[in-house]
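**Q** Can you read through this structure? Questions will come right after.
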Amino acid sequence: WELLALKPPERFNGLFEEFPHNLRCFLGDWLEAQPWEFINNTSDSFCAVQAARLLTAMVDMLQDLANRNGSPGPILQVTANLENRYRREPLKLVDAVKRILRGERAAVQEKFQHVPLYVHRQREELMFEFNLQRLQYRVQEIQALQERRKGAKKCLGKPVFHSIHNTFSNSLQSLQTLFLNTTSELEEAQKAVLARLMIWKRQQQLAGNGTPFEEDLSPLQKRLERLVDICFQLRIQLVAFGGELQSSLQERLDNIFNAFIKNSFLVDKQPPQVLKTQTKFQATVRFLLGPHLLKSPHTSFMVTADIVTEKQARELTTNPSGGVFSESSGEIVNNTAPLETTATSNACCALFKNMLLKKIKRCDRKSTESVTEEKCAVLFSVSLCLGPNKTNFHLQALSLPIVVIVHGNQDNNAKATILWDNAFAAPNRIPFVVVERVSWDDMCETLNQKFMAEVQTTKGLLKEHYFFLAQKIFGDNGASPEEFQQRSVSWSQFNKELLPGRGFTFWQWFEGVLDLTKKYLKEYWSDRLIMGFISKQYVFSCLSNAPVGTFLLRFSDSEIGGISIAYVTCFQDGSTQVENIQPFTAKQLSIRSLADCVLDLLQIQILYPDRPKHEAFRRHLNAETPRKSSYVPAKLKITVDLPSSVPAPTLQTQVNPMSNSNLNLGITSDPSYE
């Protein structure tokens with residue numbers, strides 16, 4: 001409503017013929033927060049009850065609004081008209097409101113090209129609450145029919161009217177139909193809540209790449225608890241009913257309960273997805289139905305963690321009751337933890353605080369696969385005794401894929417494997433199969449999300465950045481941005497094939513930029529002082545007609561983890577050219593900040609396109625507090641030493657910022673730099 005409240009009423013001509021526009025304004029957001037669209041079946045008594053309830057709630061709200069208003073007359077008149085029109089047929093009110101809300105949703109879609117996410121979330125919550133109330137209503141209907149049936153049964157042996165025999169027969173048929181329908185409705189509710197749980201798990205995996213993630217499981221836990229209660233109530237009524245349907249319905253209810261139990265055991269806090277041997281790590285598993293079913297005090301149940309290979313993980317999907325493998329894949333120290341309920345958070349968890357992967361047994365790999373492409377996982381398992389029948393459950397939860405490394409130099413390639421898997425894994429896949437090729441648009445979205453998360457910035461990549469990245473990964477400087485959008489990129493192009501003329505892959509280069517920006521350039525990037533991912537050709541197009549001393553900052557194309565300054569310089573004959581200073585790396589930026597380096601260099605004055613460098617970089621200067629000392633103060637500075645004889649103008653000439661010594665900050669010419 002807040003998105004449409006300011007729109008003129010004539011925009012919604014035809015929507016408010018039965019339901020006055022001023023009444024819509026009075027009700028505001030409240031109207032959207034009710035389950036109008038789910039009241040569909042006019043022959044269903046529950047829908048009729050809900051329609052009457054909504055009408056009463058609407059009248060109560062309007063009367064309360066009138067009491068708080070200085071001029072209650074108009075509101076009371078509208079309220080009276082509403083009651084007179086719909087009290088006998090409240091379902092007509094539902095139809096009128098549904099037409100209005102559909103029209104408003106279409107207007108939002110037209111204005112924003114999509115319906116905001118919070119609207120979808122609100123709709124999902126309304127649908128669950130509606131379905132839950134319907135299930136509760138059905139159970140009450142069953143209880144009432146059971147009582148009527150008992151009363152009729154007592155009278156069957158007595159000389160009574162024939163109608164009693166009909167009542168007993170009709171109630172029997174009604175109960176059978178009601179049990180069947182209610183069980184089907186419970187199965188549908190189960191599918192919806194388990195689908196929401198799968199969405200949570202997928203979002204948790206995407207969060208490994210930096211996607212924002214609402215990790216609070218409390219709402220899902222409450223949904224599961226309420227549906228399990230319905231399942232128990234229905235089971236009790238079914239036992240009291242007996243009959244020929246009992247066996248088949250009991251089996252369906254058992255399947256529902258078992259699915260709730262098995263799916264509510266999950267990994268709440270994932271172990272690190274790049275895991276180094278002999279390094280401590282943590283993880284948390286959670287049993288969502290634990291607080292509800294394991295009443296305190298309960299037997300202490302121990303959860304066990306084991307490392308499993310991709311092959312073993314696949315075996316678990318085909319044989320979930322398994323779990324004891326013929327051979328060990330590795331050894332985790334401190335791999336058990338108790339499943340405990342915390343009263344303050346109402347969460348039943350097992351916290352593994354000091355696990356350590358002592359050793360790992362590698363699998364046979366394809367000749368083209370490296371050790372950093374091998375995926376495994378941590379399998380968490382526990383045995384519980386639950387439910388009214390004290391059923392034994394062996395619960396298992398598999399972590400997200402993990403790449404195990406033994407040396408730090410494997411970290412970069414392992415991260416690439418995990419990034420690709422997190423981004424492009426399909427729901428309900430066979431562990432841990434992932435596509436070999438994805439669209440360039442999907443790749444751009446992944447790189448952008450990873451960059452923003454790692455750098456911790458709200459400033460993402462721009463169109464010109466994606467264009468340069470496409471040129472780099474595809475090795476094609478002739479295609480247009482639109483042509484790149486139609487292409488797909490393979491895993492090999494991402495992190496197996498070396499870039500043309502380079503000794504590293506696309507990901508190794510991109511991750512180097514990530515690391516440099518995260519450690520030394522975050523504020524500059526967030527202030528858009530760095531153009532970053534642009535080609536030398538793009539630099540030349542920007543600077544070729546710019547005044548002498550104009551400069552910009554770009555990430556090095558030829559060196560991992562470097563940032564270069566490109567600037568316009570002048571020859572003695574008055575001609576200009578674009579020069580590139582050899583990239584500053586983490587080593588140099590740890591000695592002197594980028595702002596200090598920029599302000600040191602007299603050759604550069606204007607940040608492209610027209611911003612004085614002192615204005616742009618002033619707030620990033622390192623303020624050094626003088627310390628009392630017997631020494632004469634000294635200060636490091638960057639300089640550029642151009643050769644006395646400048647060659648004839650070429651497109652670009654390179655200069656070296658650090659010469660041979662890490663503390664000799666004079667910059668000399670280095671023609672070999674590309």
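Any read-out appearing in this document is the output of simple, stated calculations on the displayed coordinates, not a laboratory observation. Predicted model only: the values in this text are computed from it and were never measured. Cβ sites come from the backbone with ideal geometry, for glycine too, and all protein chains shown count toward neighbours.
**Q** Alpha carbon centre of the range 206-222 versus the range 422-469: separation in Å?
**A** Each part reduced to its Cα centre gives a spacing of 19 Å.
**Q** Also, quick follow-up: Would you mind computing, in nm to one decimal, how far apart the modelled labels at Lys522 and Arg53 are, each placed 7 Å from Cα along Cα→Cβ?
**A** In this crude spin-label approximation the distance works out to 4.9 nm.
**Q** With each pseudo-label sitting 7 Å past Cα toward Cβ, what's the Thr368-Phe474 distance in nm, one decimal?
**A** With each label point 7 Å from Cα toward Cβ, the separation is 2.1 nm.
**Q** I want to verify the translational diffusion coefficient of the range 438-508 in µm²/s; compute it with Stokes-Einstein, Rh as the Kirkwood radius over Cα pairs, at 4 °C and 1.567 mPa s.
**A** Rounded, D is 102 µm²/s.
**Q** Which entries of Lys295/Lys353; Lys361/Lys450; Lys269/Lys295; Lys92/Lys191 have Cα-Cα distances beyond 28 Å here?
**A** Lys361/Lys450; Lys92/Lys191
**Q** Okay, next question. With the contact rule set at Cα under 8 Å and sequence spacing of 6 or more, what percent relative contact order holds for the range 120-261?
**A** Computed over the range 120-261, the figure is 29 percent.
**Q** Please list, in chain and number order, the residues 5+ apart from Val404 or on another chain whose amide H is under 5 Å from its amide H, with Hs placed from the backbone.
**A** It is Leu275, Cys376, by chain and number.
**Q** Of all the C-alpha pairs in the range 12-122, what % are more than 17 Å from each other?
**A** Tail of the P(r) past 17 Å holds 57 percent of the pairs.
**Q** How would Lys201, Lys111 line up from fewest to most surrounding beta-carbon atoms within 10 angstrom?
**A** Ranking Lys201, Lys111 by Cβ neighbours within 10 Å, fewest first, gives Lys111, Lys201.
**Q** If R0 is 22 Å, what FRET efficiency do you get for Glu124 and Asn346 from their C-beta distance, rounded to 0.05?
**A** 0.50
**Q** Starting from the Cα of Asn392, step 7 Å along the direction of its Cβ; do the same at Asn41; then give the gap between the two resulting points in nm.
**A** Between Asn392 and Asn41, the label points sit 4.1 nm apart.
**Q** Hey, another quick one. As a footprinting exposure proxy, order Tyr86, Tyr608 by other Cβ within 10 Å, with the fewest listed first.
**A** Taking fewest neighbouring Cβ atoms as first place, the list is Tyr608, Tyr86.
**Q** What is the sum of charges, Lys and Arg at +1 and Asp and Glu at -1, for the other residues whose Cβ falls under 12 Å from the Cβ of Phe474?
**A** Combined, the nearby Lys, Arg, Asp and Glu give -1.
**Q** Measuring from centroid to centroid over Cα atoms, what is the spacing of the range 238-295 and the range 525-552 in Å?
**A** Each part reduced to its Cα centre gives a spacing of 56 Å.
**Q** Next question. Over its Cα atoms, what ratio of radius of gyration to 2.2 N^0.38 Å does the range 264-424 give?
**A** The range 264-424 yields a ratio of 1.10.
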